[in-house]
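A short write-up of the structure that comes next.
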Amino acid sequence: MREIWLRSNRRALWFGFVPPCLLLAGGAATVASNQQANARELWLIVGSLAMILGGLAIAALIALLWSPKLQRDGEFVKIRLGPRAHYHVPLHSIECFFLGEGTSGLSLPAAGSVKSAHLIVRFTERAVDWHRREVRPNLGKWEDGYLAIHGTWCEPIDEDLVRRLNHRLATVKRQANKRQAKESP
């Protein structure tokens with residue numbers, strides 16, 4: 001059974017649609033305005049390439065809109081920290097979640113480093129394989145048995161979310177333990 005535990009920041013992704021939509025519209029306008037018999041082929045090619053690039057970027061953003069940061073998938077939690085960084089962590093390797101605060105991974109010239117809420121995932125001491133991973137620094141930090149997911153790129157992180165995640169983690173672990181107890185002689 002799949003269950004979304006933490007969604008991506010859809011507000012930020014919606015703003016990301018502006019440049020590819022402009023590129024797509026500009027390419028379409030270039031192609032449309034050069035459809036006369038004396039149109040230069042170069043402008044048709046440039047306009048077509050702009051439309052293709054804009055369309056591909058829009059498709060990628062749509063995929064990101066529906067890709068959660070944390071998703072339970074049976075006995076595993078799928079952690080997604082980037083387009084190609086997917087980790088399938090066994091449920092029993094995660095001890096708990098808690099609320100943290102730190103730099104957002106964004107740097108604004110006027111304000112310097114911006115603070116944001118972080119979701120901290122604590123891994124059990126026995127899960128040594130999950131104590132460190134290389135992740136993009138603007139998305140999080142994973143070391144010493146802790147993963148800090150920057151809140152800038154997630155749905156809003158607050159105490160209610162952390163409480164809900166810990167409750168789901170405990171419930172799912174209890175259910176898994178009951179299943180294992182029934183299966184073992």
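Ile4 passes every criterion in (1) over 30 Å from Glu155 (Cα atoms); (2) modelled with pLDDT of 85 or more; (3) in contact with a Leu (Cβ under 8 Å, 6 or more places away or on another chain) apart from (1). Screening Ile149, Ile120 for residues that are within 19 Å of Phe76 (Cβ to Cβ) and in a strand (DSSP E or B) leaves exactly one candidate, Ile149.
Leu70 meets all of the listed conditions (1) surrounded by 14 or more Cβ atoms within 10 Å (Cβ to Cβ); (2) farther than 14 Å from Ile4 by Cα; (3) touching a helix residue (DSSP H, G or I) at 6+ places or on another chain (Cβ under 9 Å) but one, namely (2).
Just checking, which of Ala25, Ala50, Ala12, Ala37 is exposed (fewer than 14 other Cβ atoms within 10 Å of the Cβ), modelled with pLDDT of 80 or more and of a type in the set (A, V, I, L, M, F, W, C)? Steps first, please.
Working: Ala50 fails: exposed (fewer than 14 other Cβ atoms within 10 Å of the Cβ); Ala12 fails: modelled with pLDDT of 80 or more; Ala37 fails: modelled with pLDDT of 80 or more.
That would be Ala25, the only listed residue that is exposed (fewer than 14 other Cβ atoms within 10 Å of the Cβ), modelled with pLDDT of 80 or more and of a type in the set (A, V, I, L, M, F, W, C).
Could you run through the stretch 74-93 and say how many residues are touching a Ser or Thr at 6+ places or on another chain (Cβ under 8 Å), crowded, with 16+ Cβ neighbours inside 10 Å and part of a helix (DSSP H, G or I)? Step through it out loud before you land on a result.
Taking the stretch 74-93 and keeping what is touching a Ser or Thr at 6+ places or on another chain (Cβ under 8 Å), we get 80, 92-93.
Retained after the next criterion (residues that are crowded, with 16+ Cβ neighbours inside 10 Å): 80, 93.
Next, only the ones that are part of a helix (DSSP H, G or I) stay: 93.
Here the count works out to 1.
Where residues in the stretch 94-136 are among the hydroxyl-bearing types (Ser, Thr, Tyr) and surrounded by 15 or more Cβ atoms within 10 Å (Cβ to Cβ), which of them is modelled with the highest pLDDT? So, considering only residues that are among the hydroxyl-bearing types (Ser, Thr, Tyr) and surrounded by 15 or more Cβ atoms within 10 Å (Cβ to Cβ), the one modelled with the highest pLDDT is Thr124.
Given the residues Ile94, Ile52, Ile79, which is the only one that is in the same structural domain as Glu125 (by TED's automatic domain parsing) and more than 17 Å from the chain's Cα centre (by Cα)? So that I can check it myself, show each step before the final result.
Details: Ile52 fails: in the same structural domain as Glu125 (by TED's automatic domain parsing); Ile79 fails: more than 17 Å from the chain's Cα centre (by Cα).
One residue alone meets the criteria, Ile94.
The values are calculated or read from the model by the stated rules, or taken from the named source; none is laboratory data. As the structure is a prediction and not an experimental result, all values here were calculated from the model. As a convention, Cβ positions derive from the backbone with ideal geometry for all residues, glycine included, and neighbour counts pool all protein chains shown.
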